[in-house]
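A short worksheet on the structure shown next.
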Amino acid sequence: MKLATYKDGSRDGQLVVVSRDLGSAHYATGIASRLQQVLDDWGFMSPQLQDLYDSVNAGRARHAFPFDPAQCMAPLPRAYQWADGSAYLNHVELVRKARNAEVPESFYTDPLMYQGGSDDFIGPTDPVVVASESFGIDFEAEIAVVTGDVKMGASAEQALDGIRLVMLVNDVSLRNLIPAELAKGFGFFQSKPATAFSPVAVTPDELDDAWIGGRVHLTLQSTWNGRKVGLCDAGDEMTFHFGQLIAHIAKTRNVRAGSIVGSGTVSNKGVEKKDGGMDWPKGYSCIAEKRCIETIQDGQPSTEFMKYGDTIRIEMKGKDGQSVFGAIEQEVVAPH
């Protein structure tokens, strides 16, 4: 099934069930008003939501209405936990190579993760508000999952059973603030502003055979200022699948229902050209990666970060060509 949260003036919005084709929706008020309620009591509430979803898809829901992504908050507007990984190690390899640094061997066996702010997510069409263009504004196209309860010490396979929903992410980064923060040895903070998510979150079964072993085997599209810059395969090159990322968190703590776990920037390896050089035909899911490629090829980056008025669209289509999650469509703006 597909779930979204409509704006109603409150912090947590109203839960709606959305049709498979994203054409219509129905309030879930008779079952649950908020997504967190469903995650807390998944075994009891999800079958009821599934029945409503089936009715909406069949055109039998009496109070269905046209679905409007512009009315959406993040599917889970605020969460108990937002932990983002770096599951596509090609991204890490490019960043390190651009700095003439080696990738530590441990990176290939132990996932990189950071804990982000989860009190102020933004919706799929909400503007990206940044105080200054000088901060180095960047989009990051990712995938995320929402969990149920996962016990401390769970294995990667056990953690997969705790995945309830899948969605897309724009994990905005302020690149020019990152070096000074990391130099303190204490991780990201100011360099990671509010995160945006796709209009709908979907249960893994909606992905059918594109969901294999905790990976989404579909193409993630990134369109910057109307130009498609990324057509990255999200499946085969995901070094750590979502079960491994969740198990990494659960090594020392319980993971509670309503935790969101991100994949990190979706990234694909380059291919060798006939002249011996490298090319990246699938593009990029963040500007920083493009700048790393330019540094490797030309000795310095030439692509600038985002400016006020820039737009970003992040979307994933199924094998039928239809949008799975709806699109994240945002504009970068200055504070009012």
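Antiparallel as a % of all DSSP beta bridges within the chain, to the nearest 5? Provide the component values of the computation, followed by the final result.
Details: 55 of 62 bridges.
The antiparallel fraction comes to roughly 90 percent.
Just need log10 I(q)/I(0) for the chain at q = 0.10, 0.14 Å⁻¹, Debye formula, equal scatterers on the alpha-carbon atoms, no solvent, rounded to two decimals.
Scattering profile of the chain, log10 relative to I(0): -0.56, -1.12.
Can you compute the helix-only [θ] at 222 nm over the chain? Use -39500 (n - 2.57) per DSSP H run of at least 4 residues, normalise by all residues, nearest 500 deg cm²/dmol.
Rounded to the nearest 500, the figure is -5500 deg cm²/dmol.
Along the Cα-to-C-beta direction of residue 302, a point sits 7 Å from the Cα; which residues of the range 84-109 have their amide N less than 15 Å from that point?
none
Where in the range 259-316 are there GluC sites (Glu not before Pro) that are in a DSSP coil and have at most 16 other Cβ atoms within 10 angstrom of their Cβ? Walk me through the numbers before you get to the answer.
Working: sites: 272, 289, 294, 304, 315; in loops: 304.
For GluC sites (Glu not before Pro) across the range 259-316 that sit outside H, G, I, E and B with at most 16 neighbouring Cβ atoms in 10 Å, the list reads 304.
How big is the range 99-214 along each principal axis, measuring the range of its Cα positions in Å and listing the largest first?
43, 39, 26
Using 0.36 nm per residue of separation minus the Cα-Cα distance, give me the extension gain between residue 233 and residue 29 in nm, one decimal. List each step's numbers first, then the result.
Details: separation 204, 0.36 × 204 = 73.44 nm, distance 3.69 nm.
Contour length minus the Cα-Cα distance gives 69.8 nm.
Which entries of 184/290; 7/151; 97/319 show an alpha-carbon separation above 29 angstrom in the structure shown?
Working: 184/290 26 Å; 7/151 33 Å; 97/319 34 Å.
Those over the limit are 7/151; 97/319.
With a Förster radius of 22 Å, plug the Cβ-Cβ distance of residue 51 and residue 217 into 1/(1 + (r/R0)^6) and report the FRET value to the nearest 0.05. Write down the numbers at each step before the final one.
On the way: r = 29 Å, r/R0 = 1.31.
Plugging the Cβ-Cβ distance into 1/(1 + (r/R0)^6) gives 0.15.
Could you state the number of Å between the C-alpha centres of the range 284-305 and the range 112-181?
For the range 112-181 versus the range 284-305, the Cα centre distance is 22 Å.
Under a point spin-label approximation (7 Å from Cα along Cα-to-Cβ), what is the residue 252-residue 40 distance to one decimal in nm?
Each label point lies 7 Å from its Cα, and together they span 2.8 nm.
What accessible surface, in Å², does a 1.4 Å probe find on residue 232, ignoring ligands, DNA and RNA and rounding to the nearest 10?
Surface open to solvent at residue 232 totals about 0 Å².
Set the Förster distance to 22 Å, then compute FRET efficiency between residue 119 and residue 6 from the Cβ-Cβ distance, nearest 0.05.
Working: r = 20 Å, r/R0 = 0.90.
Calculated value: 0.65.
Hey, quick one: spin label on residue 333, modelled 7 Å out along Cα-Cβ, who in the range 1-17 has an amide N within reach, i.e. under 14 Å?
Counting only backbone N, you get no residues.
Just subtract the alpha-carbon distance of residue 152 and residue 97 from 0.36 nm times their residue separation and send over the number in nm, one decimal.
Details: separation 55, 0.36 × 55 = 19.80 nm, distance 3.55 nm.
Result for the pair: 16.3 nm of gain on full extension.
Please report the base-10 log of the normalised intensity I(q)/I(0) for the range 34-115, using a Debye sum with one equal scatterer per alpha carbon and no solvent, at each q in 0.11, 0.13, 0.17, 0.25 (1/Å).
-0.60, -0.72, -0.86, -1.23
Report the calculated FRET efficiency for residue 105 and residue 209 (r = Cβ-Cβ distance, R0 = 22 Å), to the nearest 0.05. Write out the running numbers ahead of the final one.
Working: r = 34 Å, r/R0 = 1.54.
So the FRET efficiency works out to roughly 0.05.
Roughly to the nearest percent, how much of the accessible area of the chain is carbon and sulfur, given a 1.4 Å probe? Each step should come with its number before you reach the end.
Numbers: 7280 of 15120 Å².
For the chain, the apolar C and S fraction of the accessible surface comes to 48 percent.
With the crude spin-label approximation of a point 7 Å out along Cα→Cβ, what separation in nm comes out for residue 78 versus residue 279?
Inter-label distance under the simple model: 5.0 nm.
So which GluC sites (Glu not before Pro) in the range 92-145 pass both tests, a DSSP loop state and at most 15 other Cβ atoms within 10 Å of the Cβ? Don't skip to the end; give the middle numbers.
Values: sites: 93, 102, 105, 133, 140, 142; in loops: 102.
When the GluC sites (Glu not before Pro) of the range 92-145 are filtered for loop state and at most 15 Cβ neighbours within 10 Å, 102 remain.
First obtain the Kirkwood hydrodynamic radius of the range 192-294 from its Cα pairs, then insert it into the Stokes-Einstein equation at 10 °C and 1.306 mPa s, and state the resulting D in µm² per second as a whole number. Please list the in-between numbers first.
Numbers: Rh = 16.0 Å.
My calculation gives 100 µm²/s for D.
Restricting to Cα atoms and excluding each atom paired with itself, what does the Kirkwood estimate give for the range 5-153 in Å?
Values: mean 1/r = 0.0543 Å⁻¹.
One decimal place: 18.4 Å for the Kirkwood radius.
The values are calculated or read from the model by the stated rules, or taken from the named source; none is laboratory data. Everything numeric in this text was worked out from a predicted model, so none of it was measured. Please note: Cβ atoms are built from the backbone with ideal geometry, for glycine as well, and neighbour counts cover all protein chains shown. Note: accessible area is taken over every heavy atom of the protein model, side chains too, but ligands, DNA and RNA are not part of it. Shrake-Rupley method; radii C 1.70, N 1.55, O 1.52, S 1.80 Å.
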